[in-house]
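All of the numbers you see were taken from the coordinates with simple rules; none came from a lab. The shown structure was predicted, so the numbers you read here are calculated from the model rather than taken from an experiment. Backbone-built Cβ (ideal geometry, glycine too); neighbour counts: all protein chains shown.
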Amino acid sequence: MAGNPQLIQSELLQNYGKHWPPLYLDVVRHCDLSTLTWAPLMFRKPWDIMFNKLRKDNITVAGDAMHPMTPDIGQGGCSALEDAVVLGRHIGEVLSTKNGKLDSMDIGEAIDGYVKERRWRVTWLVAGSYLSGWAQQGGSNWWMKFLRDVIFYRFLSSKLVNDVNYDCGILPSVAFSSELKSSSKID
Ligand SMILES: Cc1cc2nc3c(=O)[nH]c(=O)nc-3n(C[C@H](O)[C@H](O)[C@H](O)COP(=O)(O)OP(=O)(O)OC[C@H]3O[C@@H](n4cnc5c(N)ncnc54)[C@H](O)[C@@H]3O)c2cc1C
């Protein structure tokens, strides 16, 4: 179905979305077919991020490629932006100690710093996001109510809200030095 916009549209209208609000179905009915795509929602298990390699030689991952998560705390895009700042900062810091000339070892060092700084943060976000959805949509039997009202709302949700307000640092000002910019060279 992914490569067939007409099929995506008709499947949504007649099957998957048939009980959804008419306003939404109207949007689907009038959408520009050339922009319609279909992709599965992805999830990466927290322990997979925690224990697996996030760097291979001078290649790493960021954003959804590193930590696809459930949507329950709205942090997928925010954490992708954090990744970009942190990776940029680590590359900038190495760049500033090497007078603007980087070799592949230096890039590896920068990526190691980035991975080390991001691993715990995104593992917690993926786990917290999943737990948030699970607790809030898990049903209404007595023990789910207990988990939600006594454990989740009392202890976990405030920690999650606090952790969303995260300072990922700033990019080093040296990155803006025109002298350095003109001599920058990545081998
Ligand atoms: C409905 C919905 C609501 C959301 N709401 C929120 C929210 O409120 N807050 C929040 O923080 N996050 C939210 N997110 C999550 C957020 O959109 C994603 O986490 C974020 O866009 C990930 O950014 P990314 O750059 O890692 O990946 P993407 O935004 O997916 O960017 C990847 C890009 O790579 C391109 N690409 C793929 N393959 C190739 C290839 N082979 N060659 C070249 N290019 C390629 C794609 O076309 C795409 O442009 C939401 C997501 C959805 C689906």
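Taking every C-alpha pair closer than 8 Å and separated by at least 6 residues, the mean separation divided by the residue count of the chain gives a relative contact order of 24 percent.
Simple point charges give the picture: +1 on the Cβ of Lys and Arg, -1 on the Cβ of Asp and Glu, and for the chain a dipole about the Cα centre of about 460 debye.
Between the stretch 18-32 and the stretch 109-147, how far is it from one alpha carbon centroid to the other, in angstrom? The distance from the Cα centre of the stretch 18-32 to that of the stretch 109-147 comes to 32 Å. Judged by the mean number of other Cβ atoms found within 10 Å, the most tightly packed of the peptides 20-29, 151-160 leads the ranking 151-160, 20-29.
Packing-based ranking of 35-45, 94-104, 124-134 yields 124-134, 94-104, 35-45, ordered from highest to lowest mean Cβ neighbour count within 10 Å. With contacts taken as Cα pairs under 8 Å at a separation of at least 6 residues, the stretch 1-105 carries a relative contact order of 18 percent. Footprinting exposure proxy ranking of ILE111, ILE170, fewest other C-beta atoms within 10 angstrom first, gives ILE170, ILE111.
Computed from backbone phi with θ = phi - 60° and the Karplus coefficients 6.51, -1.76 and 1.60, the 3J(HN,Hα) list for the stretch 102-116 is 10, 10, 5, 4, 5, 4, x, 5, 5, 5, 4, x, 4, 4, 4 Hz; x is used for glycine and proline. With an a/c value of 1.5 or above and a/b larger than b/c for the gyration tensor axes a ≥ b ≥ c computed over the alpha-carbon atoms, the stretch 46-186 is described as prolate.
For the chain, the 222 nm mean residue ellipticity estimated from helices alone, with every DSSP H stretch of n ≥ 4 adding -39500 (n - 2.57) and the total spread over all residues, rounds to -16000 deg cm²/dmol.
Between the residues GLN137, ALA65, ALA84, the greatest Cα displacement towards the positive end of the dipole of the stretch 46-186, with unit charges on the Cβ of Lys, Arg, Asp and Glu, is found for GLN137.
Compared with the dominant Cα axis of the chain, that is its longest principal axis, helix 76-97 is turned about 0°.
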